[in-house]
Amino acid sequence: MTNIEKFQKVWDAKDLEGVLGMLTDDVEMRMLHMDQTLKGPEAHAFIKELLLDDSVVSSDFRIIYENDECAVTYERMSGENSGQVSIVQLFRDNKIYYMEASLITDSES
């Protein structure tokens, strides 16, 4: 099982310890759609908030590209800001130390 498959497995299981265990202490998250960067404890708190929100669910997950150092994924997220998400993750010692996400929100019709 690859790094990103392991991460997605614990994410889908809403396993907080498992998810946080796959992030470095100094992880940096850039959310391009919000022009916001979170680092370390702030990023961990944001991930925890998303993970523990029962309305946030990942679907249609697929790996666009992955090797031992990086992964590019696509998925749909439901929740307050639902839509299509593209994420780039960089790995150090099998943990994510950098992620960059872009969300295209669903239009309300």
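The values are calculated or read from the model by the stated rules, or taken from the named source; none is laboratory data. Since we're looking at a predicted model, the values are computed, not measured. Cβ atoms come from the backbone with ideal geometry, glycine included; neighbour counts cover every protein chain shown.
Checked against (1) touching a helix residue (DSSP H, G or I) at 6+ places or on another chain (Cβ under 8 Å); (2) surrounded by 16 or more Cβ atoms within 10 Å (Cβ to Cβ), Tyr98 passes all but a single condition, namely (1). For region 11-28, name all the residues that are in contact with a Ser or Thr (Cβ under 7 Å, 6 or more places away or on another chain) and surrounded by 14 or more Cβ atoms within 10 Å (Cβ to Cβ). Once the filter is applied, which keeps residues that are in contact with a Ser or Thr (Cβ under 7 Å, 6 or more places away or on another chain) and surrounded by 14 or more Cβ atoms within 10 Å (Cβ to Cβ), region 11-28 yields Trp11, Glu28. For Asp26, state whether it is at pLDDT 95 or above and either under 16 Å from Gln89 (Cβ atoms) or in contact with a Pro (Cβ under 8 Å, 6 or more places away or on another chain) (or both). So Asp26 passes the test.
Contact map, region 57-75: residues that are surrounded by 11 or more Cβ atoms within 10 Å (Cβ to Cβ) and assigned to a strand (DSSP E or B) paired with residues that are modelled with pLDDT of 95 or more and among the small types (Gly, Ala, Ser), Cβ distance under 9 Å, separation 6+ or inter-chain. Pairs shown: Ile63/Ala71; Ile64/Ala71; Ile64/Ser86; Val72/Ser86; Thr73/Ser86; Tyr74/Ser86; Glu75/Ser86. On the stretch given as region 82-101, residues that are at pLDDT below 95, among the hydroxyl-bearing types (Ser, Thr, Tyr) and either assigned to a strand (DSSP E or B) or more than 21 Å from Leu38 (Cα to Cα) (or both) total 0.
Here Asn81 fulfils each of the conditions (1) within 21 Å of Ile104 (Cα to Cα); (2) touching a helix residue (DSSP H, G or I) at 6+ places or on another chain (Cβ under 6 Å) apart from (2). Does Val27 fit the bill of being in contact with a helix residue (DSSP H, G or I) (Cβ under 6 Å, 6 or more places away or on another chain), of a type in the set (Val, Ile, Thr) and outside any strand (DSSP E or B)? Answer is no for this residue. When Gly79 is tested against (1) touching a residue at least 12 places away in the same chain (Cβ under 8 Å); (2) assigned to a strand (DSSP E or B), just one condition goes unmet, and that condition is (2).
For region 1-56, a tally of residues being farther than 15 Å from Glu100 by Cα, aliphatic (A, V, I, L, M) and without any contact (Cβ under 8 Å) to a residue 40 or more places away in the chain returns 10.
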